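Below is one structure, written out as structure tokens; the observations come after it.
The values are calculated or read from the model by the stated rules, or taken from the named source; none is laboratory data. This one's a predicted model, so the numbers in the text were calculated from it and none came from an experiment. Reconstructed Cβ throughout: ideal geometry from the backbone, glycine too, with neighbour counts over all protein chains shown. Side chains included, ligands, DNA and RNA excluded: accessible areas come from the protein's heavy atoms. Shrake-Rupley method; radii C 1.70, N 1.55, O 1.52, S 1.80 Å.
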Amino acid sequence: MELNGILRVLRKRWTSVLVTLAVAVLLAVVVTALMPARYTATAKMFFSARSGQSITELNEGTTFAASQMSSLADIATSPLVLEPVIEDLHLSTTPPELAESLSITVPEGTAILQIAAISPTAEGAAELVNAVAGELSDAADGLFPAAEDGAEAVRATIHTPGAVPTEPSVPNPPVNLVLGVVLGLLVGVGVAALREARDTRVRGERDLADVTDATVLARLGRAEEGEAPVFMQTDPNGQRAEAVRGLRTNLHFLTATGSTRTIVVTSATAGEGKTTTAVNLAVALADTGTSVLLVDADMRRPAVARTLGLEGRAGLSTLLIGQAGLEDLAQRWGDRPLDVLPAGQVPPNPSELLSSVPMADLLAEAAGRYDVVIVDSPPVLAVTDATVLSTLAGGTLMVVATGRHRKTELREALDRLDHVGARVLGLVLNRAEVGKEDTRRYEEYVEDGAAARGGAGAGWGAIDPALAGSDAVPVLGDAGPSRRGARNAPAVVPPSSAVPGPTAGGEVPPAVADTAATPGDPDDEWWADADAEFMSAEELSAPDRSPDRDVDGAAPDVGRPAASNGTRPGESRRPAPWGA
């Protein structure tokens, strides 16, 4: 695993690392508190060999003494030295057991021997180390042969006797805490890596990349507590609403050829937010003036009518059994060009109805009447309805909720769609984690925009303050049939007393310049930019083609039949933004 991958795992599983670290430190504290105290006393001995007065004799004596240090270290823990120590100190132990409480070291290249003794008491440690040093000195005198004059060949000197220690050597709280922190971090990282390897749930775009090559078209953050399901209407300036607008834009480019007019919205399992996504996507499309039909095809657990507050007892099931037509059952929602076809009564055979010829005819008819048809379908893994509907639609949108299901479930759902030849347009990652930096940038941008408009009231479709009190029509705020008439409405000019005249230099004041062009005027670049998503260049420059007039300006022929899209020949109809 690369460094970036390790850091990502640590950021994601930091709680595991923190808990493991806390447990390790707590264990270190407990062990330190329960560990019996031990004291250590140290004595140092120097060994020298008797030599002559010349430099050569001195070197030979020093070399001899140094060569005997390893032997003397072994003798220090032998019964030859320890048995007299046990007798002198009246210890109830044996030489091998006493040797375990002794540590003998010889610094390299020296004739110094260090003896360390450990005892439960400070005085006991000092007595033990001094007793061992004294017995070793006596033993050294008898081990090496005496010189010709009777003097000892090797002389042992205790130059640093053992002192009574003031603090215990064991336990050592700082060392134990450091060991606890180090071990806790190592074990915590291991636990985090293990949990990451065993966690197969979809939690972000990286997990989606491990399952499919499908593009993530939108990332919807988690809904706030008490948030209304149709947040495109209740909170149009929120981050989730902006994410749905991004989804609308991405779908626009994916369906630019106009071949995809029917989109099925589904998910792998239940409870991932497919209905909420479908409803808000339909509202977002209708906000641009696109005529939309939202079909609730989840006839087992219908939710669209309840979400939008519509009557749902008659709907899709009623139409499929031939009791009514689309024009009788579709309900207009709000002032947008959005019609809703509820699921109707729950039938005993939903799969058979959805795979029937009337269902295919319905989608074909709806595609001819509406710019876009959004179909809310059941989950893919629950029933076969979604796979059946995906074969009848131009594209399928898969909603994936983070932490909801495992990668294997998403992979199986996509495989089922692939087996029937469904076209997956992309994925919508729902309940995604939105970074604090993204939230900060969005909030700053929205707040700056509100401040530049002079308050929250100056929004999309708001009337210019210069036109307050007049009969001005807020064109951009309207939806539905009134929008076309508003575009061709004459310019509304405030009373002359309210309009400042030109300046001395001939310049038009900003208040007049901002409202001089009529919103429906093709020369007004502002209107063209705002309406470019659903108005072509030909329509912007076309003459008046209101529903009350024919192309040549004459009254339309009432007897002429209406086209399949609901308009009469020659009547203006906004071109669909999907490339049709």
Between segment 153-219 and segment 340-359, the alpha-carbon center distance in angstrom: 59 Å
Ranked by how many other beta carbons lie within 10 Å on average, peptides 75-86, 223-234, 388-399 from highest: 388-399, 75-86, 223-234
Positive-end residue, segment 311-445 charge dipole about Cα centroid, Cβ charges, pick of Ala364, Gln345, Ala386: Ala386
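On the accessible surface of segment 269-406, probed at 1.4 Å, how many percent belong to carbon and sulfur atoms?
The C+S portion of the solvent-accessible surface of segment 269-406 is 50 percent.
So, by mean Cβ neighbours within 10 angstrom, what's the order for 235-248, 414-427 with the highest one leading?
Numbers: 235-248: 19.2, 414-427: 17.1.
Most protected by this proxy first, the peptides run 235-248, 414-427.
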Charge dipole (segment 277-329, unit charges on Cβ, about Cα centre) - positive-most of Gly312, Gly289, Gly322: Gly312
Alpha carbon convex hull of segment 312-424, projected area averaged over orientations, nm²: 8.1 nm²
3J(HN,Hα) from dihedral phi, segment 28-34, Karplus parametrisation 6.51/-1.76/1.60, rounded to Hz, x for glycine, proline: 4, 5, 5, 4, 5, 5, 8
